[in-house]
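A short worksheet on the structure shown next.
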Amino acid sequence: MSTAFAIVSPESYVTACPSCGAISDMAEALLCDCLTREHTPVCPSCGGCFCKLPRAKLRAFWEAAPPAMLARHLRKPTLRIVRTPVTSKAPLVMLVDDDDEIRSIGEHVISRLGYRCVTASNGPEALALMAVDEPALVLTDALMPKMDGRDLCRFIKKSSSAKVVIMTSLYTAPHYKYEAFKSFGADDYLAKPIDFTALQETLHRLVPAQEIRQ
């Protein structure tokens, strides 16, 4: 879907939502809580954000934004997540992704939620870390070099009791989710860009909240 950006006044930024196509003024819209540094506006019509725009279009979106909106974006919003103290008894969550930014931000967010966190950049690295300290839950990207995240999931489910959540920005159709559950044994499936609230709900559901208490 093509997205038009238009500044109506210094305080307004009328744009088409890339998800639903609704035309709205995004100048004062809430910024999203996705697992990315972008923190794009949330559409008031559908609740979707602009994070799925191609990088070139996202760059054009911010270049056309009014100064006040761009300044608010650059301030980086505070995460709307209540910090939970991390204890030595907190479950270990492993985040596997070949994107340095996602690993960095993800580790920060997972720690804020009260979990211990370790990261790996690919499947073999994840398996090597698991041999030292088995996590309670593994969040893995679907497409990575050296070992596909779905194959990593299948291997883990055959050799470990860890829960596995597959993350993907490409395979979001229902039949791909069915494949993730049926063929690879995933415990859940999250579409990228991942919303902080969705991540929090998934972690707390698969690793119950009482398990992170002292």
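Tabulated values for the structure
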item: Selected residue (criterion: modelled with the highest pLDDT) from residues of segment 141-189 that are assigned to a strand (DSSP E or B) and surrounded by fewer than 21 Cβ atoms within 10 Å (Cβ to Cβ); result: D188
item: Every residue from segment 24-44 that is polar (S, T, N, Q) and crowded, with 21+ Cβ neighbours inside 10 Å; result: T40
item: Output for segment 1-17, where each listed residue is at pLDDT below 85 and surrounded by 15 or more Cβ atoms within 10 Å (Cβ to Cβ); result: T3, F5, I7
item: Restricting segment 2-33 to residues that are touching a His at 6+ places or on another chain (Cβ under 8 Å) and of a type in the set (A, V, I, L, M, F, W, C), the residue that is farthest from A71 (Cα to Cα); result: C32
item: Extreme residue, surrounded by the most Cβ atoms within 10 Å (Cβ to Cβ), among residues of segment 50-69 that are modelled with pLDDT under 85 and of a type outside the set (K, R); result: C51
item: Some residue of segment 191-203 being closer than 18 Å to C34 by Cα, modelled with pLDDT of 90 or more and part of a strand (DSSP E or B); result: no
item: Count - residues of segment 116-140 that are part of a loop (DSSP other than H, G, I, E, B) and touching a residue at least 60 places away in the same chain (Cβ under 8 Å); result: 1
item: Residues of segment 96-116 satisfying the condition of being in contact with a strand residue (DSSP E or B) (Cβ under 6 Å, 6 or more places away or on another chain) and either of a type in the set (V, I, T) or under 23 Å from D148 (Cβ atoms) (or both); result: V96, D97, R103, G106, E107, I110
item: Condition met for T36 (polar (S, T, N, Q) and touching a residue at least 40 places away in the same chain (Cβ under 8 Å)); result: yes
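The rows are residues; the columns are (1) touching a Pro at 6+ places or on another chain (Cβ under 9 Å); (2) more than 22 Å from T168 (Cβ to Cβ).
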| position | (1), (2) |
| --- | --- |
| S88 | no, yes |
| V93 | yes, no |
| D97 | no, no |
| H108 | no, no |
| R116 | yes, yes |
| P135 | yes, no |
| D151 | no, no |
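The values are calculated or read from the model by the stated rules, or taken from the named source; none is laboratory data. Everything numeric here is computed off the predicted structure, so don't read it as measured data. In this analysis, Cβ positions are derived from the backbone assuming ideal geometry, glycine residues included, and neighbour counts consider all displayed protein chains.
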